[in-house]
Amino acid sequence: MLDARFRPLIDRSLNPLGRWLLKNGISANNVTIAGAFFGFLAFVLVAANLSFIALWLILLNRVADGLDGAVARAAGQTD
């Protein structure tokens, strides 16, 4: 419900960055792997009671999650 309302705004913000990443040789899979790394590292930091730093990594994880789709769209991938 909210996704449909915010999707144009999000895409408008991420698509130029996705095209730039693709132009510089970074694939959607690379962005996905980086996002997974940020998420795992956030988990470790929460377990170590470093929640403030983990919050920033969680935010990076969420940006990477949206950005991998932007890179895939720029590459013309549909899966």
(Q) Could you check the range 54-65 and list, in sequence order, the residues that are open to solvent by 90 Å² or more (accessible area, probe 1.4 Å) and over 24 Å from residue 7 (Cβ atoms)? (A) 56
Q. Got a number for residues in the range 33-42 being buried (at least 16 other Cβ atoms within 10 Å of the Cβ) and either in contact (Cβ under 8 Å) with a residue 60 or more places away in the chain or not aliphatic (A, V, I, L, M) (or both)?
A. 3
Q | Tabulated pairs, the range 13-32, first under 9 Å from residue 74 (Cβ atoms), second modelled with pLDDT under 95 and in a loop (DSSP other than H, G, I, E, B), C-beta under 7 angstrom, 6+ apart or interchain | A | 28/77
Q: Please go through the range 17-38 and pick out each residue that is of a type outside the set (S, T, N, Q) and not in a helix (DSSP H, G or I).
A: 25, 26
Q: Report whether or not residue 68 is open to solvent by 60 Å² or more (accessible area, probe 1.4 Å) and out of contact with any Phe, Trp or Tyr (no Cβ under 8 Å at 6 or more places or on another chain).
A: no
Q. Within the range 1-32, how many residues turn out to be open to solvent by 60 Å² or more (accessible area, probe 1.4 Å) and among the small types (Gly, Ala, Ser)?
A. 3
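The values are calculated or read from the model by the stated rules, or taken from the named source; none is laboratory data. Small disclaimer: the values here were computed from a predicted structure and weren't measured. Here Cβ is always computed from backbone atoms with ideal geometry, including for glycine, and neighbour counts include all displayed protein chains. The area values use the complete protein model at the heavy-atom level, side chains included, leaving out ligands, DNA and RNA. Shrake-Rupley method; radii C 1.70, N 1.55, O 1.52, S 1.80 Å.
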